[in-house]
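> One structure is given below, represented as structure tokens, and several questions about it will come after.
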Amino acid sequence: METKDVYSNKAEKYARYRWDYAPQAVDSILRIVQITPQSTVADIGAGTGMLTRHFAGRAGRVWAVEPNAAMRRLAEQTLAGCGGCEVLDGSAEATGLPDRSVDLITVAQAIHWFNPEPARREFRRILKPGGWLAVLRNISSSDALNRATAELYRAEYGFEAHQSAQKREWKPLIFYFGNGRFQRIRFAFHFEQDWERFFGSLLSTAGMPDETHPHFKNLERAAREVFDRFSQDGRMEVHGETELYIGQVSITTSKLSGPAQGRRLQPGG
């Protein structure tokens, strides 16, 4: 299976159950980049348009670039009626966008799927001089729940590690930003979820089985035990953070001193 096809059978669950990004993170991007109705934004690896929709009506033109057909169809539904938004069949390595046409590139939960060298070249090609890159991911801040959930990513529960292993080599973010400095900002969020949303979010990750898999029932039983352990009256509290890495992209590269150097984004699946 090609990398772009990993989510073909998960698009519906992805759209329905994945956590949204903290609105404060989006507001910070708008403020830092100074997005206006004249600005252009390209959301690369846009998936179902979860992040893209936050820029609709705030930037003049927003492109959602997504290589997976099933995800793209849902993005078209999500963004239907959003003026200035267009969903494109493209990838991080070949967006199909014009040279120097983009003020801001956003990437959410997807950069670990990119082929780093061609993706970086493409970013630099489509960005205007002084253009910006914003990389976001959601993480759970509950260590105990994280450890319990990690135990579900096993072959006995139908997890297929080879699908997750298709992710490209991780690169420190300075690789994409080049000589430009970037900052890391965290935004806490909190919400409650029921069993359906907990299990649906789990199933939306790469490598997890679908309902036809022979080990699916094993996964469901084990996941239910985790949910029951961390929930009360059928509701589980979720504490997490949206991490935002944002800065201007340079056309040259060099090592960057300071706390941001060498940071890696871990898989978001």
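The values are calculated or read from the model by the stated rules, or taken from the named source; none is laboratory data. Note that the structure is predicted; figures quoted are calculated from it, not measured. Quick reminder, even Gly has a Cβ in these numbers, built from the backbone with ideal geometry, and neighbours come from all protein chains shown.
> Conditions: (1) modelled with pLDDT of 95 or more; (2) over 24 Å from the mean Cα position of the chain (by Cα); (3) crowded, with 19+ Cβ neighbours inside 10 Å; (4) farther than 24 Å from residue 10 by Cα. Residue 219 meets all but one. Number of the miss?
All conditions are met except number (4).
> For residue 245, which of the numbered conditions (1) at pLDDT below 95; (2) within 30 Å of residue 99 (Cβ to Cβ); (3) buried (at least 19 other Cβ atoms within 10 Å of the Cβ) fails to hold?
Looking at each condition in turn, residue 245 falls short on (1).
Yes/no matrix, rows are residues, columns are (1) surrounded by 17 or more Cβ atoms within 10 Å (Cβ to Cβ); (2) at pLDDT 95 or above; (3) at negative phi; (4) of a type outside the set (A, V, I, L, M):
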site: 76; (1), (2), (3), (4): no, yes, yes, yes
site: 87; (1), (2), (3), (4): yes, yes, yes, no
site: 95; (1), (2), (3), (4): yes, yes, yes, yes
site: 98; (1), (2), (3), (4): no, yes, yes, yes
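> Has the stretch 37-47 got any residue that is buried (at least 21 other Cβ atoms within 10 Å of the Cβ), at pLDDT 95 or above, acidic (Asp, Glu) and in a strand (DSSP E or B)?
yes
> Kindly provide the set of residues from the stretch 14-36 that are part of a loop (DSSP other than H, G, I, E, B) and either under 22 Å from residue 122 (Cβ atoms) or among the charged types (D, E, K, R) (or both), ordered by number.
Of everything in the stretch 14-36, those that are part of a loop (DSSP other than H, G, I, E, B) and either under 22 Å from residue 122 (Cβ atoms) or among the charged types (D, E, K, R) (or both) turn out to be 18, 20, 35.
> Now for a different question. What tally of residues in the stretch 31-53 results from selecting those that are more than 13 Å from the chain's Cα centre (by Cα) and either charged (D, E, K, R) or under 18 Å from residue 188 (Cα atoms) (or both)?
Going through the stretch 31-53 one residue at a time, the tally reaches 2.
> Follow-up. Are any residues in the stretch 177-202 in a helix (DSSP H, G or I) and over 16 Å from the mean Cα position of the chain (by Cα), and if so, which ones?
Matches in the stretch 177-202: 177, 195, 196, 197, 198, 199, 200.
> Still on this structure, please answer the following. List the residue pairs whose Cβ atoms are under 9 Å apart, where the first residue sits in the stretch 141-170 and is more than 19 Å from residue 201 (Cα to Cα) and of a type in the set (Asp, Glu), the second is in a loop (DSSP other than H, G, I, E, B) and modelled with pLDDT under 95, and the two are 6 or more positions apart or on different chains.
From residues that are more than 19 Å from residue 201 (Cα to Cα) and of a type in the set (Asp, Glu), the pairs are 169/115.
> Name the single residue, out of those in the stretch 190-216 being among the polar types (S, T, N, Q) and surrounded by 17 or more Cβ atoms within 10 Å (Cβ to Cβ), that is nearest to residue 113 (Cα to Cα).
By that ranking, first place goes to 205.
> So residue 65 fits all but one of (1) touching a Gly at 6+ places or on another chain (Cβ under 6 Å); (2) at pLDDT 95 or above; (3) surrounded by fewer than 23 Cβ atoms within 10 Å (Cβ to Cβ); what number is the exception?
Residue 65 satisfies all of (1) touching a Gly at 6+ places or on another chain (Cβ under 6 Å); (2) at pLDDT 95 or above; (3) surrounded by fewer than 23 Cβ atoms within 10 Å (Cβ to Cβ) except (3).
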